[in-house]
Structure formats: C-alpha cells, structure tokens
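All remarks here apply to the structure that follows.
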Amino acid sequence: MAFKAALLMLLVALLLSASVAYLLYARGVFERTQKLVLLSDDSEGVVVGMDMTFSGFALGRVNRVELSPDGNVRILVDVPRRDAHWLRQSSVFTMERGLVGGTRIRAFSGVLTDPPLPDGAERRVLRGDATAEVPRLLNAARDLLANLQAMTAADSALNTSLAHVQDVTGRLKGPQGALGLLLGNEADARKLIATLDRTNALLARLDGLAAKADTQVFGDQGVMPETRATVVQLNGLLADARASLKKVDAVLQEAQTIAVNTREGTADLAALRAEAESSLRKVEHLVNQINRKWPFARDTEIKLP
Amino acid sequence: MWPGRWRRVIPGGFPRRYHDRMNPVTSPQGWPGRVRRRVRRAWGMLHTSALVLALLLSPSSYRRENRATLARHVYLGTAPLLPWFTVLVALASLVVIRIVVVTAASYGLSQYALEMVVRVLVLELIPLTAALFVAVRCTLPAGVELVALRGRGGFEALRARGVDPLVTEVVPRVLAGLFAVVTLAAVSCVVSLVLAYLVVHGLTHAAFDSYTRKVGQVFNPAVTLIFSLKTVFFSLAVSLIPMVSSLHDPGSGKVQALPELQGLVRMFLLILLIEVASLMGNYY
C-alpha cells in the first residue's frame, strides 16, 4: 500500500511538474526574444499577452504597455529570435479594431530582402478602428433615410412628378393622343390637322411650280443657257479690259517718270530761288548803302502823279 | 429540533408553549444566547481547523509509525476515484467542447472557441467538479467514520494509549482529501486540454504551437495564481470542514441535525464563496 501511495504521489508530482513546465513554455519563458517597441497614440484594446501576427501567424507577444514622457503609448513586443527574420526595416505595423473581437496588431513586410529589424527598434503603428467609423456611418445613413423619406412623402416633388406622368400617360391613351396632350384642347388639335392638310395642298402646288421653274431655268430657252452665253461675253469683255489696263499701266509709268522729273525740277527751282533771294538781298543792301551815302534822297515819300 | 424556535412571546406576558404536548425546555437567554453559542462553536471549529492545518504542516505528523496510515488513506482516497472520475470528466468535456466549438463555428467565431473551452472547462468547471466529487465520495464518508469512531469511544481509547487521535485519525483523512482534489483536478485538466486539442485539430501535431500559444494566453500569471489558489482552497474546504464538523458534534442529549449534513452545508457555502472570489479575481 505504501509503495502504491508513493507511486501515485510521484506520478502526480510528475504531472504537476510537467504541467508547470508546459505552461512556462506556453508563456514563452524559454524562448530567446528580441524587443520591438510600437508607438501609438491610443492603447485601447491592447493587453499584455496578446499576439502580434504576420500573415496570420503569431509572431510576437505584447510584454508591456506603457506611457512615454511625451504622452505616446509604447507597446513593448517580444519577438522570438527564430521568427525575427520576418520583420525587416521596411516592415509596417498596424493596429486594428474590428466590430467583433479584440484589437489585433499585425506586421507587414513588403520587401523581405531589406536589412532585418534590429533589437529594440521603435516603429510607429498605424491605427484602424472600425468602430470609429460607425457613428459617421450612422449619420450618413440617417441623412440618407431622411432624404429618402422626403422623396417618398405624399407631397414630395417625386410623387407629384409621378402623378403628372400618370396624368400624361392617361391623356396619351385618350382619343386626342399626343396632339391633345401637346395643344391642350381639341379645337387646337383640329386646327393643327387642318393646317397640315392645307400644307399638304400647298406642297402639291409648290411641286407644280417647281416643275415649271425647272423648265424656265434649265430648259432650252431657259435662264441657264442665256447666262452661260452672257458669261462667255463677259470673258471677252474682261480680256479687253485687261488690255486696256495694261495700257493704263504704261501711261501711269510715264506719268511717274514725269513726276520724278518734276520733283527734280522743283529741287532746282529752290536753289534758283535761293540764289535770286541772295541777289535781291545784295541789291537791297546795295540800295541801302547808296541811300545812306546819297544825301538827297531823304524824302522817302512817293508821290504819285 | 430546537424548541426555542417554536416559542411565541406575548408582549407584556410570559412566554408560553406553542403546543401543550411540546417540551417546554427553552434557552433562558433567548436569541443572544443562541448567537453567542454559535459564535463560540464557530470559533471552536476555526481553532480545530488551525490545529489540523498545523499538524498537516508539522513534520512530526509524518513519522514512520504514521506513514502506513497516511499512505493507506491517501491511496484509498484517490486511486478508486481516479479512473471513474477521469472517464466521467472526459465524456462531459467532450460534449462541452463539441458544443462550444460547433456553436462558435456557426457564428464565425472559431478563433475564440479554444480559449472559451479552456476558460470554462479547465479554469472553472473541473476544479469545482473535482472538489464536489471528492467531498461526496471521500471526505464526507470519512467524517461519518470519525463520528462513528467518536461515538464508540475510539478517541478516548487512543488517548488512553498515548496516541493523539488528531494525528492518527484526522490528519490522514484530511491529507487524503487534499491529495484527491489536487490529483483529480490535475489529471482532469490535462485530459480536457488533450481532448480540446483533438476535437479542434484532430490527430495531428501540426497545430501544437498555435494551441500552446492559446493556452499560454489564457494562463497568464494572474489567472494561473487564482486557479492554483482556488484549487488549494477547494481542497482545504472539502477536506477540513467534514472532519472538523464531525469533531464538533455536540451530542449532549439535544436533538441535532446530522453533523455530516451541517458539514455539507458549510462546505457548499465555503465553496460558493471561493468560486465567487475566484470569478471576481479573474474577470473584474
């Protein structure tokens, strides 16, 4: 009995020891880890012991959550060294809160050839909160429902328009049809139909007129052959006019030559005039001198006979 | 039956009997006397419990001459219960695990099923079940044995031979209860964890790492401490209270309820308090 009891106690002790060892292993006590510090402005939903996942696999475990002196949240994550190669310097970390379930921290490594993330690296975590969108969504939905209610109300514009459309389709189906709808009453519709009849008669007459006009214009004695002959004559006249113009052109050239000569002659006349003026000034000067020297001629008054 | 309870007091008059044929013996002090008596009794039980605990922790209780008795009680208190209890717990766990997993899957919450199974089964149900099972199958019958032994004058005979009946008769039974609760709880927890893994993942070792991670998340230091303390307190409650109640059987001519029934009520009350305290510690 004592042996059995001792064996039982030994087995229970072994079981308890194994359980404690398993729990320590499950808590990651025997793992070699490196630190990763995630910075965020809100730690809501982040609890010690929660996982950080990479492609759905648990890659690290939140070891501590603390406030930094500048008011930011520092989430200290223990990443096992054997899994740390999945985290690179270009890795991005996100923290999401779904409508159901807790907060999830996820890592994304786009370029796996980048240098590995060093121990104690600090990275800012990008936050996405589905519940934060709910109030905005509710407001939008409320506005939408209010608009819908306004649209579908009994006195709404949409309802009135639909009633008008129904009225219109009813009148379209009526005896007057679309014309009655467009003109409003039967008398006007009749007038329109009478106008159309008269227009048809007018068109028939216009057709006869057009046939006659065709004969008058394009017939043997019509306008068009006469016009063609007139054009031929006009061509001849234009040729004569062109010859006359050439002659006029020659005359003009001669006139231009004469004008040039005249301009030159005018320039000579100016020189001649200048000389004549100079001679006159000299004569005047001479007369003045004679007058000063001539003692008798003091009486300047001219007496006409 | 306590005749005092059936007394009717007429204001300004004398107390009279409820019925003429009833025994008119009443407590002269009224309810303050009853309260005082109960407090004295509770204090006596606490004192005896402390004495038994001190003897449990004392190396002198494990002397060579006592070892055979200790081993016999420990083995007979645990070994016959272990297979049946393990089988029962395995079946019940299988049903609960299946229900939780299927329900969680139908709501698209499979990722939380395992955590819920571990929390509900391992942390809450199994220690409580183990304690109650040991109480019903081991410690309450042991308390009845003690009452019978006392009734036969066994305690006086032992004392006459210079043997302390607390050491030779009470401590082995309490130790057997403690060991049985811890053993049954530990074995059943391990069985439930293995069954949960098999039901969720099947016969493969590929999911062992993720399963271990989940278990590690549930068993954080605070939860583990509360779980351990709860199991220990459960085992103390179901082991000590029946023995101490049997030692405090008044048996002085008054008509009393059976001591094992009183012990059962006290034990249930204490287990309830421990469970409430552990729930508050875990979830508040």
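Worth pointing out:
- For peptide A:2-8, the mean count of partner chain Cβ atoms within 10 Å of a residue's Cβ comes to 6.
- Threshold 40 Å² - residues in the stretch B:66-82 whose accessible area is reduced by that much or more when the chain is no longer isolated, probe 1.4 Å: B:A71, B:Y75
- Inter-chain Cβ neighbour count for A:47-60, averaged per residue, equals 2 (cutoff 10 Å, partner chain atoms only).
- When the solvent-accessible area of chain A is split by element, carbon and sulfur atoms take up 62 percent of it, the probe being 1.4 Å.
- Screening chain A for whole DSSP H helices of 15 Å or more along their axis (Cα) with average Kyte-Doolittle hydropathy at least 1.0 returns A:2-26.
- Candidate aspartates and glutamates - alpha carbon under 20 Å from A:K173, same-chain residues fewer than 8 apart omitted: A:E186, A:D188
- The stretch A:182-271: C-alpha gyration tensor shape, a/c 1.5 cut-off, then a/b vs b/c: oblate
- Our note on the geometry: Cα centres of the stretch A:31-95 and the stretch A:3-22, 37 Å apart.
- Whole-number percent relative contact order across chain B, with pairs defined as alpha carbons under 8 Å at least 6 apart: 25 percent
- Average other protein chain Cβ within 10 Å of Cβ, residues B:212-219: 6
- Averaged over residues, the count of other Cβ atoms within 10 Å places the peptides B:223-234, B:169-180 in the sequence B:169-180, B:223-234, highest first.
- Value of [θ]222 nm, deg cm²/dmol, for chain B, DSSP H segments ≥ 4, -39500 (n - 2.57) each, nearest 500: -23500 deg cm²/dmol
- Occluded residues from the stretch A:19-42, i.e. those whose accessible area drops by 30 Å² or more once the chain is not alone (1.4 Å probe): A:Y22, A:L23, A:Y25, A:A26, A:R27
- Protein heavy-atom accessible area occluded, A/B pair - total, 1.4 Å probe, Å²: 2100 Å²
- Antiparallel %, DSSP beta bridges [both residues in chain A], to 5: 70 percent
- Relative to its Kirkwood radius, the Cα radius of gyration of the stretch B:28-73 gives an Rg/Rh of 1.33.
The values are calculated or read from the model by the stated rules, or taken from the named source; none is laboratory data. Computed from a predicted model, the values in this text were never measured in an experiment. Glycine also receives a Cβ, built like all others from the backbone with ideal geometry; neighbour counts cover every protein chain displayed. We work out accessible area using only protein heavy atoms, side chains counted, and drop any ligands, DNA or RNA first. Shrake-Rupley method; radii C 1.70, N 1.55, O 1.52, S 1.80 Å.
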